[in-house]
Amino acid sequence: MTVIYQTKIGFIGLGKLGMPCAEAIAQKGFHVAGYDILRKSSEHIEIRDSIKQLVEDRDIVFVATPTPHEEGYDGRTPTSHLPVKDFNYEAVTKVLTKCNQYMNKEQTLVLISTVLPGTIRREFAPLMTNTKLLYNPYLIAMGTVADDMINPEMIMIGTKKGEYKTAHKAQQLESFYGMVCKDFPRVEFGTWEEIEAMKIFYNTFISNKIALVNMIQDVSQKLGHMDVDKVTQALAKSTQRIVSPAYMKAGMGDGGACHPRDNIALRWLAKDLGLGYDMFETIMTAREQQAENMAKAILEHGGNIWFSSDSYKPGTDLVDGSYSLLVQHYVKKHGGTLANGIDTPVQVIVRVHESDDFTADDKTIIFDPWRSYPKANNVVYYGKYN
């Protein structure tokens with residue numbers, strides 16, 4: 001890989017977020033070294049054997065260590081009944097402790113992992129005695145991580161005091177993205193807490209929009225004489241007050257490694273801060289009830305069901321927070337069978353992603369929550385009056 005820029009970059013955590021980002025930066029002309037507790041390989045970055053070895057000659061070190069929930073909290077099965085919990089910061093704490101041990105004040109340490117507002121000042125700042133910590137979370141989607149990082153909607157940079165003029169390391173990071181991004185996006189500076197909130201509430205806004213448009217789908221399905229797409233398309237064009245048309249098509253609910261789990265963690269924050277209310281419980285309860293409503297509607301057409309995908313997003317095999325798996329949970333709860341077409345004949349095919357393409361005989365029902373599969377006598381549009 002040809003090195004163009006002198007700034008040397010390090011990445012700790014080479015998983016679904018870290019590796020694509022590290023390789024994308026390397027392809028832009030930076031020398032990038034990486035470390036992961038699990039041995040990795042790459043044609044584009046240098047893999048090193050320890051955090052000490054990684055940071056010794058790096059100018060900027062990014063930490064992309066996961067902040068997971070416990071098993072069962074990712075949203076592929078019901079979660080609203082579970083005790084509220086924060087993310088697990090154990091791995092990040094260990095990494096930052098070692099970084100502080102081996103780095104100096106001239107180097108820049110950047111955390112990109114998702115955390116709740118207040119976490120950095122409470123959990124991580126006391127660890128930082130040799131170097132300063134910046135918070136720089138990404139707005140990315142699995143499957144398009146590298147492209148989302150290079151073409152971000154915005155760049156968020158958080159510091160202890162949130163002051164741009166005196167935050168030289170934040171300015172250095174801004175300059176770095178000027179070399180990495182295709183079209184330099186807007187940059188939002190703030191305190192750690194402000195940037196923590198920007199990141200996680202961005203995801204929650206999307207979850208809320210999806211839950212709301214899927215409520216319109218439920219109303220359309222039960223009320224009749226109503227086309228959910230006509231309603232949501234009209235609302236999507238109303239950009240003066242509804243913000244944007246993105247995520248304004250009803251269908252399968254949200255999923256992925258961020259959206260359900262972020263709402264679950266925010267339930268913990270609402271309780272911890274004593275807000276006296278919990279909007280996030282409502283979002284998660286609505287998500288689960290909408291999935292159950294869809295499962296019941298599917299079972300009206302047959303008990304042996306095949307889902308076109310288990311993944312939460314087309315073009316991937318990722319099942320983190322999969323809405324398809326959540327609907328499947330309720331199908332089984334209400335007596336349905338997940339058919340494979342071999343041992344169990346298929347009576348209903350559920351079109352999980354709008355891009356999923358398949359054929360079926362006239363006796364098999366195609367259940368389409370996106371309402372875009374070619375019309376036929378055996379095609380059922382969920383949420384649209386026929």
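The values are calculated or read from the model by the stated rules, or taken from the named source; none is laboratory data. Given the structure is predicted, the values throughout are model-derived calculations rather than measurements. Cβ placement follows ideal geometry from the backbone for every residue including glycine, while neighbour counts extend to all protein chains displayed.
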Filtering the stretch 120-153 for residues that are modelled with pLDDT of 95 or more, touching a Phe, Trp or Tyr at 6+ places or on another chain (Cβ under 9 Å) and over 19 Å from Ala170 (Cα atoms) leaves a count of 1
For residues in the stretch 236-253 being of a type in the set (A, V, I, L, M, F, W, C), farther than 13 Å from Met294 by Cα and surrounded by 16 or more Cβ atoms within 10 Å (Cβ to Cβ), which is farthest from the chain's Cα centre (by Cα)? Ala236
Restricting attention to the stretch 45-79, which residues are out of contact with any strand residue (DSSP E or B) (no Cβ under 8 Å at 6 or more places or on another chain) and either of a type in the set (D, E, K, R) or outside the structural domain of Asn104 (by TED's automatic domain parsing) (or both)? Lys52, Glu56, Glu70, Glu71, Asp74, Arg76
Exception for Val115 within (1) surrounded by fewer than 15 Cβ atoms within 10 Å (Cβ to Cβ); (2) within 24 Å of Ala22 (Cα to Cα) falls at (1)
Can we say Gln217 is under 26 Å from Met279 (Cα atoms), outside any helix (DSSP H, G or I) and of a type outside the set (D, E, K, R)? no
Are there any pairs, at least 6 apart or on different chains, whose C-beta atoms fall under 6 Å, with the first in the stretch 9-27 and surrounded by 24 or more Cβ atoms within 10 Å (Cβ to Cβ) and the second among the acidic types (Asp, Glu), and if so, which? Leu14/Asp36
Out of all the residues in the stretch 151-169, is one or more in a helix (DSSP H, G or I) and touching a strand residue (DSSP E or B) at 6+ places or on another chain (Cβ under 6 Å)? yes
All but one of (1) outside any loop (DSSP other than H, G, I, E, B); (2) over 30 Å from Lys313 (Cβ atoms) hold for Asn104; state the number of the condition that does not hold. (1)
Out of Phe87, Phe62, sole residue that is among the aromatic types (Phe, Trp, Tyr) and not in a loop (DSSP other than H, G, I, E, B): Phe62
Filter the helices (runs of 4 or more DSSP H) completely within the stretch 257-338 down to those with at least 3 residues that are among the hydrophobic types (A, V, I, L, M, F, W, C), out of contact with any Cys (no Cβ under 6 Å at 6 or more places or on another chain) and modelled with pLDDT under 95. 259-272, 279-299
So which of Arg39, Arg76 ends up being buried (at least 21 other Cβ atoms within 10 Å of the Cβ) and not hydrophobic (A, V, I, L, M, F, W, C)? Arg76
Pairs returned, first residue in the stretch 131-156 that is in contact (Cβ under 8 Å) with a residue 12 or more places away in the chain, second residue that is of a type in the set (Phe, Trp, Tyr), beta-carbon separation under 6 angstrom, 6 or more apart or interchain, are Tyr135/Trp192; Met149/Tyr138; Ile155/Tyr177
Within the stretch 327-346, residues crowded, with 19+ Cβ neighbours inside 10 Å and more than 21 Å from Pro314 (Cβ to Cβ) come out as Tyr330, Gly336, Ala339
With the checklist (1) in contact with a strand residue (DSSP E or B) (Cβ under 6 Å, 6 or more places away or on another chain); (2) at pLDDT below 90 in hand, flag the one item Arg351 doesn't pass. (2)
